[in-house]
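Single-structure report; data block below.
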């Protein structure tokens, strides 16, 4: 799922299409200066004031020191039915699901079934002869040199899987650069990780995720793409904005490329996941440290961008997602033990800006009235 660290200013400025995002961002700037007596909820509501019943919307959740301190929904999950978004509305996570794939790999490391510095070809013999030097760590850090297959697979008939992506890569018989020497974001690299999970665990990727990640974390409304689950789920429909109107953009032939991020989840479930991940219920401390340690050639770790905030210098982990009619951002400040998750059913929302500004509200909570 094509990853965007931040939806560009030029994209947000495109005429009418970006009206919702521009409104949200402008309100965000207002939210930085709380008015006397303004509560935390009022400040967050103001950040998301650009969404209403006639627009797609967003859900936001905040976890601090393992406790849920805020959850809210704004706008409509279904524009035809005017269904309001709430913390139990499911969204496609897009590339925010990549770090869940990383957790799956690390669980297999924890089980003693593989090592981060194993060659991927040990589990995917189709890589021999062209990708034999690619290590699992390279795939996790996007330093593998594995080319992205998405544009080609989109033109192919049927519904491609990670196996089809691997066959295509084997036919190309090349890497874009020697493993570990450069960085290039690769959805296909994470699809290969999903395939490694299946072959090592000897079960389908969705089943492994349910048994080892979603279930233990208490995520009752989270699942890897499944047509039956999608049809039953209380979910937000995805939208794009074209020619002055919202257009449904809710399906793709690439939805069976699991490892790169085909997860649906809710804000309420992501709060449970956040507590399990950073609370040590899923991974050993040493593996969690590995997960947030970037490669030598970039700030990309295992499904996280690791960086420091420009205004405060605070270390954070973050990842964005943009796919079909959905956008998302997952933000974590380790020093403050503060996480913010923003999920939207519009490609013209700026969830990254909303996540950072929501985090600022809670880091500066002493300047506002008590939270409701």
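Could you check, for the stretch 272-291, whether at least one of its residues is in contact with a strand residue (DSSP E or B) (Cβ under 6 Å, 6 or more places away or on another chain) and not in a loop (DSSP other than H, G, I, E, B)? Within the stretch 272-291, one or more residues are in contact with a strand residue (DSSP E or B) (Cβ under 6 Å, 6 or more places away or on another chain) and not in a loop (DSSP other than H, G, I, E, B). Hey, residue 280 hits all of (1) over 17 Å from the mean Cα position of the chain (by Cα); (2) farther than 29 Å from residue 111 by Cβ but one; which does it fall short on? Of (1) over 17 Å from the mean Cα position of the chain (by Cα); (2) farther than 29 Å from residue 111 by Cβ, only one is false for residue 280: (2).
Can residue 311 be described as surrounded by fewer than 21 Cβ atoms within 10 Å (Cβ to Cβ) and not in a loop (DSSP other than H, G, I, E, B)? No: the conditions fail for residue 311. Filtered by the rule that a residue be touching a strand residue (DSSP E or B) at 6+ places or on another chain (Cβ under 8 Å) and not in a helix (DSSP H, G or I), the stretch 95-130 gives 116, 117, 118, 119. Given the condition under 21 Å from the mean Cα position of the chain (by Cα), assigned to a helix (DSSP H, G or I) and crowded, with 24+ Cβ neighbours inside 10 Å, answer yes or no: does some residue in the stretch 84-94 qualify? Yes, the stretch 84-94 contains a residue that is under 21 Å from the mean Cα position of the chain (by Cα), assigned to a helix (DSSP H, G or I) and crowded, with 24+ Cβ neighbours inside 10 Å.
Of all residues in the stretch 167-216, those satisfying the criterion of being farther than 24 Å from residue 228 by Cα, without any contact (Cβ under 8 Å) to a residue 60 or more places away in the chain and part of a loop (DSSP other than H, G, I, E, B) are 173, 174, 175, 176, 177, 178, 179, 184, 186.
Which of the residues belonging to the stretch 145-166 are assigned to a helix (DSSP H, G or I) and in contact with a helix residue (DSSP H, G or I) (Cβ under 8 Å, 6 or more places away or on another chain)? Give the steps one after another, and end with the answer.
In the first step, residues of the stretch 145-166 are kept if they are assigned to a helix (DSSP H, G or I); the result is 150-153, 162-166.
Matches in the stretch 145-166: 150, 152, 153, 162, 163, 164, 165, 166.
Return yes or no: is residue 63 under 30 Å from residue 363 (Cβ atoms), at pLDDT 95 or above, surrounded by fewer than 24 Cβ atoms within 10 Å (Cβ to Cβ) and touching a strand residue (DSSP E or B) at 6+ places or on another chain (Cβ under 8 Å)? Spelling it out, it is not the case that residue 63 is under 30 Å from residue 363 (Cβ atoms), at pLDDT 95 or above, surrounded by fewer than 24 Cβ atoms within 10 Å (Cβ to Cβ) and touching a strand residue (DSSP E or B) at 6+ places or on another chain (Cβ under 8 Å). In the stretch 184-191, the condition of being surrounded by 14 or more Cβ atoms within 10 Å (Cβ to Cβ), more than 26 Å from residue 91 (Cα to Cα) and under 19 Å from the mean Cα position of the chain (by Cα) is met by at least one residue. The set of residues in the stretch 217-244 being surrounded by 18 or more Cβ atoms within 10 Å (Cβ to Cβ), out of contact with any helix residue (DSSP H, G or I) (no Cβ under 9 Å at 6 or more places or on another chain) and not in a loop (DSSP other than H, G, I, E, B) consists of 235, 239. What residue, among those in the stretch 295-305 that are surrounded by fewer than 20 Cβ atoms within 10 Å (Cβ to Cβ) and at pLDDT 95 or above, is nearest to residue 184 (Cα to Cα)? Ranking the qualifying residues of the stretch 295-305, first place goes to 299. In this structure, residue 161 qualifies as in contact (Cβ under 8 Å) with a residue 60 or more places away in the chain, under 16 Å from residue 260 (Cβ atoms) and surrounded by fewer than 20 Cβ atoms within 10 Å (Cβ to Cβ). The set of residues in the stretch 319-330 that are crowded, with 24+ Cβ neighbours inside 10 Å and part of a strand (DSSP E or B) comprises 319, 321, 323, 326, 327, 328, 329, 330.
Note on the stretch 132-144: among residues that are in contact (Cβ under 8 Å) with a residue 40 or more places away in the chain and in a loop (DSSP other than H, G, I, E, B), the one that is surrounded by the most Cβ atoms within 10 Å (Cβ to Cβ) is 144. Of all residues in the stretch 331-346, those that are in a loop (DSSP other than H, G, I, E, B) and surrounded by fewer than 23 Cβ atoms within 10 Å (Cβ to Cβ) total 4. Filtered by the rule that a residue be in contact with a helix residue (DSSP H, G or I) (Cβ under 7 Å, 6 or more places away or on another chain) and within 14 Å of residue 283 (Cα to Cα), the stretch 103-127 gives 103, 104, 105, 106, 107, 108, 109, 110.
Inside the stretch 19-60, residues that are surrounded by fewer than 22 Cβ atoms within 10 Å (Cβ to Cβ), over 16 Å from residue 355 (Cα atoms) and either touching a helix residue (DSSP H, G or I) at 6+ places or on another chain (Cβ under 7 Å) or modelled with pLDDT under 50 (or both) make up a count of 2.
When 295, 303, 259 are checked against the criterion of being touching a helix residue (DSSP H, G or I) at 6+ places or on another chain (Cβ under 7 Å), part of a loop (DSSP other than H, G, I, E, B) and touching a residue at least 24 places away in the same chain (Cβ under 8 Å), a single residue qualifies: 303.
Which is at positive phi and touching a residue at least 24 places away in the same chain (Cβ under 8 Å), of 120, 104, 94? Only one candidate passes the filter, namely 94.
The values are calculated or read from the model by the stated rules, or taken from the named source; none is laboratory data. As the structure is a prediction and not an experimental result, all values here were calculated from the model. For neighbour counting, all protein chains shown are included, and Cβ atoms are generated from backbone atoms with ideal geometry for every residue, glycine included.
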